[in-house]
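**Student:** Structure below; questions to follow.
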Amino acid sequence: MKSERIILGIDPGTTIMGFGLIKVENKQMKFMQLNELQLSKYSDHYVKLKLIFERTIELIDTYHPDEIAIEAPFFGKNVQSMLKLGRAQGVAMAAGLSREIPITEYLPKKIKMAITGNGNASKEQVAKMLQSLLGLKSLPKNLDSTDGLAAAVCHFYNSGRTEGGKSYSGWAAFVKQNSSPTPKGGVSSVNLRGKKNKK
């Protein structure tokens with residue numbers, strides 16, 4: 001593992017995408033940046049997805065992160081919200097994967113546990129702990145950006161542990177880990193080159 005690396009943390013959302021960056025030097029965290037992408041003024045869901053992708057690419061090209069930590073959508077009762085959140089997460093992941101940056105997903109409870117020691121901590125508790133850990137002078141009005149920063153810090157704490165979260169090193173790894181086993185009886189599938197395979 002590199003002695004110096006940059007971790008980009010992302011809290012994907014269709015209203016606000018929060019993100020934060022930390023630099024790790026000699027096993028010590030240093031705060032770099034936290035901010036958010038405001039998407040509430042856009043009514044078209046596809047425009048929002050395009051903006052999430054573009055902003056993630058811009059962050060990658062500006063800060064050159066070595067790894068990306070992303071908050072996985074939690075399972076709620078509203079299926080439409082889950083679908084939208086999943087898409088937001090997917091395009092952010094696609095941006096990172098297109099640049100061959102390793103990505104690790106963390107469940108919200110896992111992130112909260114890593115930061116505060118309590119998997120049910122509030123956004124405010126997580127933000128206050130980050131403020132203490134990283135010496136932040138002030139906290140943003142919206143705490144989506146601190147949620148993104150929390151994902152990066154969680155990844156720092158879990159680095160080197162295999163049980164930390166789901167990791168993808170590129171498109172091939174993502175496809176391999178997310179493909180379903182073939183049911184008996186044979187099905188047709190399409191590979192990435194567009195040719196049909198009979199299984």
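The values are calculated or read from the model by the stated rules, or taken from the named source; none is laboratory data. Small disclaimer: the values here were computed from a predicted structure and weren't measured. All Cβ positions, glycine included, derive from the backbone under ideal geometry; neighbour counts span all protein chains shown. Surface accessibility is based on the protein's heavy atoms, side chains included, excluding ligands, DNA and RNA. Shrake-Rupley method; radii C 1.70, N 1.55, O 1.52, S 1.80 Å.
**Student:** When the accessible area of the range 1-93 is computed with all protein chains present and a 1.4 Å probe, what percentage of it is carbon and sulfur? Each step should come with its number before you reach the end.
**Tutor:** Numbers: 2650 of 4930 Å².
Summing carbon and sulfur atoms, their accessible area is 54 percent of the total for the range 1-93.
**Student:** Also, I was wondering about something else. 7 Å from Cα along Cα→Cβ at both Gln38 and Asn26: what's the point-to-point distance in nm?
**Tutor:** Output for this residue pair reads 4.1 nm.
**Student:** While we're here: What is the range 8-165 by shape, rounded, prolate or oblate, if you read a ≥ b ≥ c off the alpha carbon gyration tensor as root eigenvalues and call it rounded for a/c under 1.5, prolate for a/b larger than b/c, and oblate otherwise? Present the calculation step by step, with values, prior to reporting the outcome.
**Tutor:** On the way: a/c = 1.44, a/b = 1.27, b/c = 1.13.
Judged from the Cα gyration tensor, the range 8-165 comes out rounded (a/c under 1.5).
**Student:** How far apart, in nanometres, would the label points at Thr15 and Lys141 be if each is projected 7 angstrom from Cα along the Cα-to-Cβ direction?
**Tutor:** 1.4 nm
**Student:** I've got another one for you. Could you pull the Rg and Dmax for the range 72-149, using just the Cα atoms, both in Å?
**Tutor:** Spelled out, the Cα radius of gyration and Dmax of the range 72-149 are 14.2, 38 Å.
**Student:** Run the numbers for Val47 and Ser98: contour at 0.36 nm per residue of separation, minus the present Cα-Cα distance, in nm.
**Tutor:** Contour length minus Cα-Cα distance gives 16.4 nm.
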